[in-house]
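Here the structure is laid out as structure tokens; the discussion comes afterwards.
The values are calculated or read from the model by the stated rules, or taken from the named source; none is laboratory data. A quick note: this is a predicted structure, and the numbers were derived from the prediction, not measured. A quick note on method: Cβ atoms are made from the backbone with ideal geometry, for glycine too, and the neighbour counts reach across all protein chains shown. Please note that ligands, DNA and RNA were not included when accessible areas were found on the heavy atoms of the full protein model with its side chains. Shrake-Rupley method; radii C 1.70, N 1.55, O 1.52, S 1.80 Å.
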Amino acid sequence: MAHAIEAEGLVKNYPGDVRALDGLSVTVGRGEILGLLGPNGAGKSTTVKILTTLVRPDAGAAAVAGHDVLRRPDRVRRVIGVVSQRSGADPEASGRDNLVLQGRLYGMGGAQARRRAAELLARFGLEDAAGRPAKTYSGGMRRRLDVALGLVHRPQVLFLDEPTTGLDPEARASMWAEIARLAGDDALAILLTTHYLEEADRLARRLAIVDRGRVVVEGTPDALKGELRGDAVHVEWREAPPEPRVREALDRLPGVREVVVDGPRLSARADDGAAAVPAVLAALDQAGVPAAAATVARPSLDDVYLRYAGRRFAHADGAGQAETAAAGGAR
Ligand SMILES: Nc1ncnc2c1ncn2[C@@H]1O[C@H](COP(=O)(O)OP(=O)(O)OP(=O)(O)O)[C@@H](O)[C@H]1O
Ligand SMILES: [Mg+2]
């Protein structure tokens, strides 16, 4: 078996002329986290539903752990864990009872199910809350219980649909650490959907950016950003300098392009931003327009999205705007 997940040309139409998937293809290897990144309505959950045998595609083919999702859905279900976008835990039952019941559903004996539940409660830091109804859990605890429920039967392939949506930064960071561990120590293949650029950047070894039911580009986060060729260089003055003098100074510098002067600020792209900054500062000094500050920023996933989807991620998804801004500045 080549890949843990293989999907080729998936198409899914919904009534009312909605083309949820329009020829989507992805592969995920063992021990790999593939991040499916896209705005609301891009088709992420539909992809997960097809791969987890809950929805039939109109066209295309998919296999999970070597089993065809259309021909052998029973086998697929046995080897996958699913954490859907909406919590699957019974809110009235305790965390422990949720886990034991899940084990029994997968055919475990009572003692075995209780042992597995105890293991997972410990692993996910839910021991103290194990006896309380799930509805009393915080958002982060609830999501950890959801992931634990998906792991009861020791799946080979895990689907996480927006595992950290609505979590505070601390709960999100601890979920990231746990997910990374599942791919590392447990060698699970994980397909993770998210509309958080920062999450995709941190967690996914490989990213597939989905827009309007298709993968528009895929690769490692660094490779995708690297393809944009060049860093952003920003320069500031205390007062706006004469623009022609700035342009004349920078036009001659090799490796610096797309210079945009806007009052007391300038932005440009450079192949190697760190190397370009001293040259830029020296050229401005010589031209009699010395700068007050200069910074270099690596291209962000937002820049990648802009390039391939033709619009800013933030515009495609208003709800993700705050995260987008934070992620854009960080790397
Ligand atoms: N059962 C359904 N009936 C009709 N349309 C649907 C159904 N499920 C999904 N869609 C539509 O298909 C498209 C893709 O939806 P999907 O849930 O896969 O997006 P998503 O990427 O998961 O979005 P989100 O980030 O909001 O979860 C959307 O336009 C959605 O409205
Ligand atoms: Mg979704």
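Applying the selection to the range 237-256, what residues are open to solvent by less than 90 Å² (accessible area, probe 1.4 Å) and of a type in the set (D, E, K, R)? Working first, answer last.
From the range 237-256, those open to solvent by less than 90 Å² (accessible area, probe 1.4 Å) are 237, 240-243, 246-247, 249-250, 253, 255-256; that's our starting set.
243, 247, listed by residue number.
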Cβ pairs under 9 Å, 6+ apart or interchain, first in the range 273-284 and closer than 15 Å to residue 247 by Cα and in the same structural domain as residue 256 (by TED's automatic domain parsing), second among the aromatic types (Phe, Trp, Tyr) and at pLDDT 95 or above, ordered by first then second residue, are 284/237
If you check residue 38 against the conditions, is it buried (at least 16 other Cβ atoms within 10 Å of the Cβ), within 13 Å of ligand 1 (Cβ to nearest atom) and more than 18 Å from residue 189 (Cβ to Cβ)?
yes
Given (1) of a type in the set (A, V, I, L, M, F, W, C); (2) in contact with a Gly (Cβ under 8 Å, 6 or more places away or on another chain); (3) part of a helix (DSSP H, G or I), residue 111 misses just (2)
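Would you pick out the residues in the range 104-127 that are over 21 Å from residue 181 (Cβ atoms) and either within 28 Å of the chain's Cα centre (by Cα) or of a type outside the set (Lys, Arg) (or both)?
Within the range 104-127, 105, 106, 107, 108, 109, 110, 111, 112, 113 meet the criteria.
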Which one of these is touching a helix residue (DSSP H, G or I) at 6+ places or on another chain (Cβ under 6 Å), among the β-branched types (Val, Ile, Thr) and open to solvent by less than 20 Å² (accessible area, probe 1.4 Å): 233, 259?
233
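Yes/no matrix, rows are residues, columns are (1) in contact with an Asp or Glu (Cβ under 8 Å, 6 or more places away or on another chain); (2) touching a residue at least 24 places away in the same chain (Cβ under 8 Å):
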{"residue": "140", "(1), (2)": "yes, yes"}
{"residue": "147", "(1), (2)": "yes, yes"}
{"residue": "162", "(1), (2)": "no, yes"}
{"residue": "168", "(1), (2)": "no, yes"}
{"residue": "176", "(1), (2)": "yes, yes"}
{"residue": "180", "(1), (2)": "no, yes"}
{"residue": "188", "(1), (2)": "no, yes"}
{"residue": "197", "(1), (2)": "yes, yes"}
{"residue": "219", "(1), (2)": "yes, no"}
Taking the range 42-76 and keeping only residues that are within 16 Å of ligand 2 (Cβ to nearest atom), in a loop (DSSP other than H, G, I, E, B) and open to solvent by less than 50 Å² (accessible area, probe 1.4 Å), one is left with 42, 43, 52, 55
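Taking the criterion of being open to solvent by 50 Å² or more (accessible area, probe 1.4 Å), of a type in the set (D, E, K, R) and part of a helix (DSSP H, G or I), would at least one residue in the range 149-163 satisfy it? Before the answer, list the steps.
The initial filter retains those residues of the range 149-163 that are open to solvent by 50 Å² or more (accessible area, probe 1.4 Å), namely 154, 156.
Okay, now just the ones that are also of a type in the set (D, E, K, R), so 154.
Still in the running and part of a helix (DSSP H, G or I): none.
No.
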Does residue 100 fit the bill of being closer than 30 Å to residue 22 by Cα, modelled with pLDDT of 95 or more and either open to solvent by less than 50 Å² (accessible area, probe 1.4 Å) or not in a loop (DSSP other than H, G, I, E, B) (or both)?
no
